[in-house]
Amino acid sequence: MKPSTIPAVLTGAWLAAVGSGETITEGHLDTVPGSCCPLCGHAFRPGEKGHTNPSNGSVTFNDAPSMKGGCTDPVCDACIIIWGKRFLLNLSKTIATLQGMWSVASNNDRAHFLLHPPEPPFVFVVGLAKQQHLFWRTPVATSRDVFPIRVGPHAGFVRRKTIESAWRLTPELLQLVADHEAGGPAKRSAPPKPSKAASTAQPHPFIRLDRDLVHPQHGILKPNVRSFLSSPGAPPQMRVFDQLTALECWGLAAIYNASAIADSPPPPITTAAPATALAA
Ligand SMILES: [Zn+2]
């Protein structure tokens with residue numbers, strides 16, 4: 001089996017764990033030549049040792065459909081690390097790269113990484129509940145323009161330029177909708193003033209944006225916006241609002257609610273140890 005980029009990024013998470021002082025227990029189980037890690041799909045090298053599969057025999061484990069192989073086979077070094085409580089609890093809202101890990105817990109950080117994703121490969125996960133398995137179940141990003149994210153049980157691809165276009169076009173869309181309803185140029189609304197109050201989130205054209213992705217009206221456009229977009233006067237670039245997926249609307253929610261969107265990344269949670277640590 002050709003090694004995929006999945007283990008590479010999980011190795012990045014592993015290196016990040018090593019870089020932050022975590023101890024790696026050496027594998028103790030023989031692996032079958034040509035076999036792969038049942039969680040991430042890492043192709044075992046000849047002679048490489050694996051670890052006891054932590055999902056084996058667990059009555060609470062219900063992510064078997066996401067596994068790449070047999071549930072009783074040994075798992076790889078990276079997966080035994082990301083199975084641990086630190087990843088399940090403390091690193092459940094993060095981006096993992098080969099260089100380290102960054103938090104995406106806040107709107108500001110989510111907005112930054114959605115608009116300025118890191119160099120691939122990377123894994124973008126946001127847990128919605130405690131002890132969700134996220135990393136090994138999330139496809140690895142290989143592009144900065146179209147990349148997968150996982151939000152709790154929901155995984156899918158988002159398009160960076162589509163999200164950015166919708167965000168930048170939002171004030172113009174809302175003004176055009178107001179003009180459309182007024183039958184001519186409507187009063188120009190003042191841009192929102194910066195404030196710590198939650199009510200100052202940027203106005204948007206949706207009935208609801210739900211950060212947990214469960215509300216049935218999440219990502220549904222308001223009726224007056226829908227009416228405008230269906231009218232002959234709607235500019236073609238506004239069609240982007242008809243093309244957004246639920247996950248892209250989730251991303252827009254973070255962007256609309258961000259108090260500041262930095263051009264450069266925040267400090268990492270943890271930096272990857274040198275790759276030589278793998279051989280230690
Ligand atoms: Zn693995």
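We did not get these values from a lab; they are worked out from the coordinates using the rules stated. Everything numeric in this text was worked out from a predicted model, so none of it was measured. Positions of Cβ are generated from backbone atoms using ideal geometry, with glycine treated the same way; all protein chains shown enter the neighbour counts.
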Next on the checklist: As a quick test, which of the pairs LYS93/LYS161; LYS130/LYS222; LYS161/LYS222 have an alpha carbon distance above 31 angstrom in this structure?
Outcome noted: LYS130/LYS222
Checklist entry - Tell me, what HN-Hα J-couplings in whole Hz come from the Karplus equation 6.51 cos²θ - 1.76 cosθ + 1.60 at θ = phi - 60° for each residue of the range 25-39, using x for Gly and Pro? => result 7, 5, x, 10, 10, 5, 10, 7, x, x, 8, 10, 5, x, 8
Checklist entry - Using a cut-off of 18 Å between alpha-carbon atoms, which aspartates and glutamates can reach LYS187, once sequence neighbours fewer than 8 places away in the same chain are excluded? => result GLU172, ASP179
Item to check | Inter-label distance, nm, simple model (7 Å from Cα along the C-beta direction), ASN90/LYS222 | outcome: 4.4
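Between ASP212 and ASP242, what FRET efficiency follows from the Cβ-Cβ distance if R0 is 35 Å, with the result rounded to 0.05?
For ASP212 and ASP242, the calculated efficiency is 0.90.
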Item to check | Three-way shape label, the range 160-257, alpha-carbon gyration tensor, a/c 1.5 | outcome: oblate
Checklist entry - Using the Cα atoms of the range 203-253 to build a convex hull, what is its mean projected area in square nanometres? => result 3.5
